[in-house]
1. Could you please let me know if residue 62 is touching a residue at least 40 places away in the same chain (Cβ under 8 Å), touching a helix residue (DSSP H, G or I) at 6+ places or on another chain (Cβ under 6 Å) and at negative phi?
2. Could you tell me whether residue 65 is surrounded by fewer than 20 Cβ atoms within 10 Å (Cβ to Cβ) and within 25 Å of residue 24 (Cβ to Cβ)?
3. Do we have any residue at all in region 50-68 that's closer than 23 Å to residue 136 by Cα, at pLDDT 95 or above, in contact with a strand residue (DSSP E or B) (Cβ under 6 Å, 6 or more places away or on another chain) and not in a loop (DSSP other than H, G, I, E, B)?
4. Among all residue pairs at least 6 apart or on different chains, which show Cβ distances below 6 Å where the first residue, located in region 160-174, is within 16 Å of residue 45 (Cα to Cα) and the second is outside any helix (DSSP H, G or I) and modelled with pLDDT of 95 or more?
5. Test residue 116 against the criterion of being surrounded by fewer than 21 Cβ atoms within 10 Å (Cβ to Cβ) and on the phi > 0 side of the Ramachandran plot, and give yes or no.
6. Output the residues belonging to region 117-146 that are touching a helix residue (DSSP H, G or I) at 6+ places or on another chain (Cβ under 7 Å) and over 19 Å from residue 81 (Cβ atoms).
7. Looking at region 78-96, which of the residues that are within 20 Å of the chain's Cα centre (by Cα) and not in a loop (DSSP other than H, G, I, E, B) is modelled with the lowest pLDDT?
8. For region 123-138, which positions are buried (at least 16 other Cβ atoms within 10 Å of the Cβ) and within 19 Å of residue 74 (Cα to Cα)?
């Protein structure tokens, strides 16, 4: 029987050297028999939201970074946000966290953020991570990833640069102690 991992974090194992996923945390936003989709949540880019959205609609001065979401469809933009009134009736990815990718959604969210909506939290991602049917299961069985419960507040409040290490430490406290691999095994 299929058990969905939607709303979970994938924490890259210490030995996973694929440059797309080295030391990443991926939030899974869709997981079913047809495949899996998620976003790398701990890699902000040098591109600001206003730069990414210029030319599509009037964009206020927002210096929030666009995050690298993954290697699939790198020119596509997606937004994760915490406002149910902007969900268009979608089921939340996890408690209080919604996914959008329409131009109208981006415009509403960016305008609300620029207006100073105190409760508004969002992240914009360029690209996503994707796995075909059973592909992620194979990677999990091989030990490439660890699965951890995700929390929406943690996504927005964490220092993205420390998120991988912090969540991996949480995994190692729950399980046996993981071996500490150097970035390059030749350094041993």
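1. So residue 62 passes the test.
2. yes
3. Within region 50-68, one or more residues are closer than 23 Å to residue 136 by Cα, at pLDDT 95 or above, in contact with a strand residue (DSSP E or B) (Cβ under 6 Å, 6 or more places away or on another chain) and not in a loop (DSSP other than H, G, I, E, B).
4. Here the result reads 160/42; 160/44; 163/25; 163/42, each pair linking region 160-174 to a residue that is outside any helix (DSSP H, G or I) and modelled with pLDDT of 95 or more.
5. Numbers: surrounded by fewer than 21 Cβ atoms within 10 Å (Cβ to Cβ): yes; on the phi > 0 side of the Ramachandran plot: yes.
When the stated conditions are applied, residue 116 passes them.
6. Within region 117-146, 145, 146 meet the criteria.
7. So in region 78-96, the residues within 20 Å of the chain's Cα centre (by Cα) come out as 78-84, 86-87, 90-96.
Still in the running and not in a loop (DSSP other than H, G, I, E, B): 78-81, 84, 86, 94.
Values: 78: 93, 79: 92, 80: 94, 81: 91, 84: 83, 86: 77, 94: 91.
Filtering first and then ranking leaves 86.
8. 123, 124, 125, 126, 127, 128, 129, 130, 131
The values are calculated or read from the model by the stated rules, or taken from the named source; none is laboratory data. Being a predicted model, the structure only gives us computed values, none of them experimental. Methodologically, a virtual Cβ is constructed for each residue, glycine included, from the backbone with ideal geometry; neighbour enumeration extends over all protein chains shown.
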